[in-house]
Ligand SMILES: Cc1ncc(COP(=O)(O)O)c(C=O)c1O
């Protein structure tokens, strides 16, 4: 075929998905949410977060999440500003007593590990590092095998490593102290992967991924033990910056507020998404849907001549972020730019992974029919560029 550039290859309309947003975060926000935002705009946007309209949004989020995750007795939904990155600092100040243990197998797990490891008031962290594309859990046995001796009072790992498309099963590691906290980064996993919250003490996320909202907020589901830990650390007199003070966030959340001014539109979009999931059958429905849509992509990659799933072990493969490696015969960056020119956006791989890869989010907001259409577009583009 004569030279085809990214911009002059037109994908036929009948192949295109109805919605071309497949990013892993910021991620697709459904039009019904945007309509709700527009409808409620005049009564809630631009109004005080200390008054009933905005407080009721926070209330909807807190009760909606309690329902979605079927929270055990005593667990609380807490929120604050700044996204998951800020929550890492909140945790380093307000949840780690002396030392944290982490499993890292990609960018985001590493960033949290660095936050606790470099905090001057904490001991060096125990960091179990696994290769990107694989998974690890920081159990005492796995840490000992890696020559990492000692105990920790926080055990942390991602539910879903967004940079690689690896998901983990969340169970409290065997042999950790009764008092230790299990702290799970669910930024991209929450609401799209199965979880039994009773296995965790802190299950935290930012809502710009499967939770279908915008960034800038952190939400943490805390066990009674985690709440007690935050109070114990605060009472110890440790210096904690006011904006990172977990006890302050807990106290505000109990009043359906945030410590400082939140992005009201983010709260509204999030409340709508949670209620949509609950209305459709809750976490079981959502996780079945992401399993189905991600399955289409994995099956496609398994059967394609020029592609394969990046994550080798099927047990590690995420249902919400699917990574597909390509042979050298396919220039994945070029494929992504053709797709982008045709309105299919954000399937580029995580920038620092540096692979000939596409990364496709199959969050709950992504219609299974759109994923099927995307795969048809991929066949078309790969064929045309060959
Ligand atoms: C697993 C995971 N953790 C943490 C973050 C950071 O979230 P935020 O940008 O809200 O700080 C991300 C963002 O992509 C993520 O995917």
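Every number here is computed from the coordinates shown, using simple stated rules; none is lab data. These numbers come from a predicted model, not from an experiment. Every residue, glycine as well, gets a Cβ built from its backbone with ideal geometry; the counts of neighbours run over all protein chains shown.
Things to note:
- The residues 121, 159, 49, when put in order of fewest to most other Cβ atoms within 10 Å, stand as 121, 49, 159.
- All C-alpha to C-alpha distances of segment 303-384, sorted into 10 Å bins beginning at zero, yield P(r) values of 17, 55, 28, 1 percent in whole numbers.
- Alpha carbon convex hull of segment 193-308, projected area averaged over orientations, nm²: 10.2
- The chain: antiparallel DSSP beta bridges as a percent of all, rounded to 5: 55
- For 277, 211, order by how many other beta-carbon atoms lie within 10 Å, fewest first: 277, 211
- Estimated from helical segments only, the mean residue ellipticity of the chain at 222 nm is -12500 deg cm²/dmol, where each DSSP H run of four or more residues counts as -39500 (n - 2.57).
- Shape call, segment 1-121: gyration tensor on alpha carbons, a/c limit 1.5: oblate
- Ranked 328, 196, criterion: other C-beta atoms within 10 Å, fewest first: 328, 196
- For q = 0.06, 0.07, 0.10 Å⁻¹, Debye-computed log10 I/I(0) when each Cα of the chain counts as one equal scatterer: -0.24, -0.32, -0.65
- Mean-position separation - Cα centroids, segment 56-118 and segment 245-322, in angstrom: 15
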